[in-house]
Amino acid sequence: MARVVVDVMLKSEILDPQGEAVLGALPRLGVTEVASVRIGKRVEIEFDENAQNVEEQSRVIADQLLANPVIESFAISIEAA
Amino acid sequence: MSQYVAVDTVGVATATPDEKQPWAELGLKEDEYQRIREILGRRPTQSELAMYSIMWSEHCSYKSSKVHLRQFGEKNPRTPRLLAGIGENAGVVAIDENIAVTFKVESHNHPSYVEPKQGAATGVGGIIRDIIAMGARPIAVMDSLRFGAIDHPDTARVLPGVVDGIGHYGNCVGLPNIGGETYFDPCYQGNPLVNALSVGVMPRSRLQSMQASGTGNIVILLGAKTGRDGIGGVSVLASATFSETGEDDARPSVQVGDPFTEKLLIEVCLELFDAQLVVGVQDLGGAGLTCALSETAAAGDGGMHVDLELVPLRAKGMEPHDILASESQERMLLIVDPAKAEEVLARAHRWGLLATAIGTVTDSGRLVVDFHGQTVVDVPPKSLADEGPVYHRPIAEPNDLGLIAVDRAETLPRPSTDEEIRQTVLDMAASPNLCDKSWITEQYDSSVFGNTVLGAPHDAGVVRLDERTGVGIAISLDGNGRFARLDPYHGAQLALAEAYRNVAVTGATPIAVSDCLNFGSPEDPHVMWQFERAVTGIADGCQKLGIPVTGGNVSFYNQTGREAIHPTPVIGVLGVIDDVARRIPLGLGRTGDTIALIGTTSEELSGSEWASVAHGHLGGVPPKVDLDHEMKLADLLSRLAETEQLAAAHDLSEGGLAQALVEAISHSGMGAQILLPEGADPFTYLFSESSGRVLVVIPRGQELAVRTACESRGLPITPLGVADANTNGLHLRDHFDITREDIDAAWKGRIGARLGE
C-alpha cells in the first residue's frame with residue numbers, strides 16, 4: 001500500500017495572512033526571535049494495494065484539486081508500504 | 001553582498017544616455033518614450049521608466065477615455081449636494097447639513113479571471129480603501145458580476161471563486177453586502193466582469209484631501225508590508241543578479257488580500273482623521289507607491305522626497321522599481337504635520353499596524369526618490385499624474401449596425417397557446433439570468449452593523465445612516481450588455497434608467513451616479529465608437545435626470561483575442577430616503593391589496609431575456625427610454641412612500657411582468673390573481689421589456705389616492721388584480737394557473753445545480 005504525502009504551500013512571494021497573524025502573535029508568548037512564519041497544508045493519501053502510477057495520480061490530485069497552481073506550489077513524497 | 005550595487009541611478013542614466021531600455025515591453029509607445037526623455041532631459045532610470053509605464057498606462061492615465069469622460073464634467077448638473085466629484089478617490093454627496101456619503105464602483109475584471117477568489121477579494125479591498133481615503137467609514141458593499149455561459153466548465157471555476165472572494169473579504173472586514181447583480185453571457189467567457197461598489201458615511205467636516213501640501217510635512221506609509229505583489233508587469237526590469245537566484249515563483253501577478261489588516265486600516269484612519277492628525281491621504285491601489293506618491297505630490301505643493309529603503313518589505317532583494325510598482329494590498333499613504341508625526345505612528349502601532357515615515361513634502365517641484373542614498377527617481381510629479389498622453393482614438397460605427405437593427409426579435413416565433421405561455425413563464429424563471437441568486441447572496445453577510453433595511457433580492461439595497469432620524473440611502477447597480485450592444489447610447493441610458501428606477505422603487509430620491517465602463521480594446525475603432533456613444537448617453541441622461549456622475553472607472557481591453565465583450569456600462573445610482581421605516585419593500589402586501597402596473601407596455605422584445613432564452617437571439621432596437629417619465633415615476637414613488645400608500649413595489653426589467661410576478665409571489669408567500677387588460681396580447685404583456693414600468697401593490701382603501709397621484713403626473717396606471725393569501729401561486733384569469741410549488745421548482749436552486757454543487 002502506497003502512502004503519499006502532499007505538501008501544499010503558498011508560493012514564496014505570495015502574502016500569507018495566516019502566517020503573518022501567527023508571526024504577530026508570537027511576541028505575546030515571549031517568542032521574539034522568529035523572522036517569518038508560512039502556513040501550508042499537508043495531505044496524506046493512501047492508495048489501494050494494487051494501485052498503479054501512484055506518482056502520476058498523486059500529481060493529478062495535487063495539481064487539480066489540492067493546490068491552486070496560480071498561487072500555490074506542492075511537493076509530493078511517496079512512502080512505500 | 002550589497003543588494004543595491006547595480007541600481008540604475010539618475011547619475012548612471014545621465015552618463016549612459018544610449019543604454020537600451022525595455023520601454024516597448026513595458027507597454028510604452030516609441031513617442032511616449034521619447035516624451036519621457038524630453039521631460040527629463042536624459043534617459044529615464046529603470047525606476048522612472050517603471051513609474052512612467054505604470055502611470056501612463058490606460059488603467060492609470062485614462063489616455064483613451066479622457067477626451068470622452070470630459071462630457072461628465074461639462075454636462076453634470078450643478079447641485080449643492082456634490083462635495084467632491086470626478087478626479088477624487090470617490091465622489092462625495094451631502095445627505096443633510098451634517099452627514100455626507102461617498103460611493104464608487106470599480107472593476108477588477110482581469111485579476112478575477114486569473115485567480116477568481118483573490119482577484120475578487122482584492123477588488124473589494126481596493127474599493128473600500130477609496131472610501132476610507134475620502135474620510136468616510138465604509139458601511140456596505142455591492143457587486144455587479146458577469147460570467148460566461150453558466151454550463152461552461154470554466155464558469156464553474158470562476159464563479160464560485162469570485163463569490164468566495166467577495167464573501168471572504170466583505171464578511172471578514174465586517175461590511176454588509178446589500179445586493180448587486182449577476183448575469184451570464186457567452187461573451188464574458190474569457191473575460192468575466194467583477195465590478196465592486198462600496199459606500200461610506202462621514203460627518204461633512206471629515207472630508208479628506210489627497211494633497212501633499214505643507215513643505216516639511218512627513219510622508220507616512222501605513223499598513224501592510226510591501227512585497228512582490230502584482231509586479232509581473234515590470235519584471236522585464238529585473239536585473240541579472242536577481243534572475244540568478246532562480247526562484248521560479250518570484251514574480252507573482254496575483255495579490256492576496258488580508259481583510260483583517262484592512263479592518264485595522266479603517267479604524268486607524270478614522271481615528272487619525274477625527275483627531276485631525278492628517279493633512280492628506282491616499283490609498284495605494286493599482287499602481288502602488290508610484291501612483292500614491294505622484295498623485296499626492298502633484299495635487300499638493302509639487303515636491304516630495306522619499307527614502308525608499310525605509311519602506312518595510314516582505315520579500316528579500318527587492319529593487320527600487322519593484323518597491324515602487326508593488327501592488328501589495330492594505331496600504332495607505334498619509335501626509336502629516338511633523339509635530340504630529342510621532343502621535344500618528346504611535347496610534348497606528350497601538351492598533352498593531354505598521355506605520356513608517358518614508359519621506360517629506362518639499363517645494364522643489366520634483367518627486368525625488370532615493371534608495372540607500374542614491375537618487376533613482378527625480379521627476380516632475382505632474383508629468384506622471386496629470387500630464388500623461390491623451391489619445392483621440394479613431395472612432396468608427398460598426399458595419400453591422402444596420403443589419404442588427406433590422407434583425408428584430410419582435411418577428412421571432414412566439415408561444416401562442418396558454419399552455420405554451422405558461423411553460424415560457426417557468427422556463428424563463430429557471431433561466432440563468434432570471435433564476436434565484438440566493439446561492440450567491442447567501443454566502444455574503446448582508447446584515448452586519450444592523451443597519452441593512454433592504455438587501456438582495458430587493459431592487460436596491462437600503463441602509464440606515466442615523467438611528468435617531470431614520471435617514472438612509474438606497475443604492476442600485478445595473479447594467480445590460482445586450483441592450484448596449486444593440487445601441488450603446490440608449491443601452492447605457494436604459495441601465496441608468498433602471499438603476500434610477502430601482503432606487504426610486506424603494507421610496508428613495510436618486511441623487512448621484514457612479515459608473516463602471518467595461519469595454520473591449522480602445523484600439524478597435526468600433527469599440528471606441530461604442531464607448532463614445534455610451535459615455536454620451538450617460539452624460540446626457542444624468543443631465544436630464546439632474547443627478548451628477550461623481551466618479552467611477554473605465555475598464556478597457558475586456559476581450560478574448562479579437563472578440564470584445566458586449567459594451568457593458570454598469571451604473572450605480574445612490575438615493576436618499578428621509579426615514580427608512582417608510583421604504584417600500586418587494587412583495588405583495590396583504591390579501592385584498594390591489595396589484596397594478598404603472599407605465600406603458602409596448603411590444604418591445606429586442607434584446608430581451610425572452611429573445612435570448614428562447615431563441616439565443618440578439619438583434620433589433622432596444623426598448624425606448626423616456627427619462628421625463630422616469631423622473632415623474634421617481635417623484636410619484638417617493639411621494640407614495642412618504643404617505644405610506646404603497647404596500648410593495650417592484651421594478652420591471654429583464655423578463656418583464658411575468659418575472660416580476662414570479663419574484664413578488666416567491667418573496668411574499670402570497671398568491672396573485674391577475675386579469676390582463678382587455679385586448680392585451682398575453683405574451684407581449686407578460687414578456688415585453690418596455691422601460692419605465694413598476695409593479696405596485698396598493699393597500700385597500702388607497703386605490704383612488706394612488707390613481708389620482710398617477711393621473712396628476714400623467715403616469716398611466718393599470719389595475720391588474722389582487723393579492724390573495726388563499727391563491728396558490730399565480731392565477732392568470734382566462735389563461736392558466738401556476739402553483740407556488742411549480743414556481744419554486746423552476747426558480748429556486750438553479751445556480752448551485754448548474755454549477756454541479
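The values are calculated or read from the model by the stated rules, or taken from the named source; none is laboratory data. Just so we're clear, the structure is a prediction, and the values are computed from it rather than from any experiment. Ideal geometry is used to build each Cβ from the backbone, glycine not excepted, and the neighbour counts take in all protein chains shown.
Go through (1) surrounded by fewer than 14 Cβ atoms within 10 Å (Cβ to Cβ); (2) more than 14 Å from chain B (Cβ to nearest Cβ); (3) modelled with pLDDT under 95 and name the single condition A:Ala25 misses.
A:Ala25 satisfies all of (1) surrounded by fewer than 14 Cβ atoms within 10 Å (Cβ to Cβ); (2) more than 14 Å from chain B (Cβ to nearest Cβ); (3) modelled with pLDDT under 95 except (2).
Counting only residues that are in contact with a Phe, Trp or Tyr (Cβ under 9 Å, 6 or more places away or on another chain) and among the small types (Gly, Ala, Ser), which one in segment A:1-22 is farthest from the other protein chains (Cβ to nearest Cβ)?
A:Ala2
Give the residue, chosen from B:Ser243, B:Ser209, that is more than 12 Å from chain A (Cβ to nearest Cβ), under 26 Å from B:Arg366 (Cα atoms) and modelled with pLDDT under 95.
B:Ser209
Taking the stated definitions as given, is B:Ile395 more than 28 Å from B:Leu730 (Cα to Cα), in contact with a His (Cβ under 9 Å, 6 or more places away or on another chain) and among the aliphatic types (A, V, I, L, M)?
So B:Ile395 passes the test.
Inside segment B:291-410, counting only strands (runs of 3 or more DSSP E) that do not spill past its ends, which hold 1 or more residues that are among the hydroxyl-bearing types (Ser, Thr, Tyr)?
So the answer is B:355-362, B:374-379.
Can you find a residue in segment B:451-464 that is free of Cβ contacts under 8 Å to residues at least 40 places away in the same chain, in contact with a helix residue (DSSP H, G or I) (Cβ under 9 Å, 6 or more places away or on another chain) and in a loop (DSSP other than H, G, I, E, B)?
no
Just name the residue that is modelled with the highest pLDDT out of those in segment B:119-166 that are basic (Lys, Arg) and surrounded by fewer than 24 Cβ atoms within 10 Å (Cβ to Cβ).
Checked segment B:119-166; the qualifying residue modelled with the highest pLDDT is B:Arg137.
Would you check if B:Gly541 is out of contact with any Phe, Trp or Tyr (no Cβ under 7 Å at 6 or more places or on another chain), within 28 Å of B:His458 (Cβ to Cβ) and not in a helix (DSSP H, G or I)?
It is false that B:Gly541 is out of contact with any Phe, Trp or Tyr (no Cβ under 7 Å at 6 or more places or on another chain), within 28 Å of B:His458 (Cβ to Cβ) and not in a helix (DSSP H, G or I).
Results for (1) crowded, with 23+ Cβ neighbours inside 10 Å; (2) among the basic types (Lys, Arg), shown as yes or no for each residue.
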site: B:Ser606; (1), (2): yes, no
site: B:Val613; (1), (2): no, no
site: B:Asp628; (1), (2): no, no
site: B:Lys632; (1), (2): no, yes
site: B:Thr643; (1), (2): no, no
site: B:Val662; (1), (2): yes, no
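On the basis of being over 26 Å from B:Ile440 (Cβ atoms) and at pLDDT below 95, does B:Gly671 make the cut?
When the stated conditions are applied, B:Gly671 does not pass them.
With the checklist (1) more than 24 Å from B:Ala664 (Cβ to Cβ); (2) among the charged types (D, E, K, R); (3) crowded, with 23+ Cβ neighbours inside 10 Å in hand, flag the one item B:Asp540 doesn't pass.
Against the list (1) more than 24 Å from B:Ala664 (Cβ to Cβ); (2) among the charged types (D, E, K, R); (3) crowded, with 23+ Cβ neighbours inside 10 Å, B:Asp540 comes up short only on (3).
Do you know which residues across segment B:561-614 are assigned to a strand (DSSP E or B), within 26 Å of B:Pro510 (Cα to Cα) and within 25 Å of the chain's Cα centre (by Cα)?
If the condition is that a residue be assigned to a strand (DSSP E or B), within 26 Å of B:Pro510 (Cα to Cα) and within 25 Å of the chain's Cα centre (by Cα), then B:Thr568, B:Pro569, B:Val570, B:Ile571, B:Gly572, B:Val573, B:Leu574, B:Gly575, B:Val576, B:Ile577 are the ones that fit.
Would you mind finding the one in A:Ala75, A:Ala62, A:Ala51, A:Ala35 that is small (Gly, Ala, Ser), in a loop (DSSP other than H, G, I, E, B) and away from chain B (no Cβ under 11 Å)?
None of the other options fit; the residue is A:Ala51.
Filter segment B:468-500 for residues that are in a loop (DSSP other than H, G, I, E, B), over 21 Å from B:Ser691 (Cα atoms) and touching a residue at least 12 places away in the same chain (Cβ under 8 Å) and give the result.
Hits for segment B:468-500 are B:Thr469, B:Gly470, B:Val471.
Can you tell me which residues in segment B:455-482 are modelled with pLDDT under 95, closer than 20 Å to B:Ser514 by Cα and touching a Leu at 6+ places or on another chain (Cβ under 9 Å)?
If the condition is that a residue be modelled with pLDDT under 95, closer than 20 Å to B:Ser514 by Cα and touching a Leu at 6+ places or on another chain (Cβ under 9 Å), then B:His458, B:Asp459 are the ones that fit.
Of the residues in segment B:494-533, how many are in contact with a helix residue (DSSP H, G or I) (Cβ under 8 Å, 6 or more places away or on another chain), among the polar types (S, T, N, Q) and surrounded by 24 or more Cβ atoms within 10 Å (Cβ to Cβ)?
3
Restricted to segment B:252-283, and to residues that are within 26 Å of B:Pro116 (Cα to Cα) and away from chain A (no Cβ under 14 Å), which residue is surrounded by the fewest Cβ atoms within 10 Å (Cβ to Cβ)?
My answer is B:Ile266.
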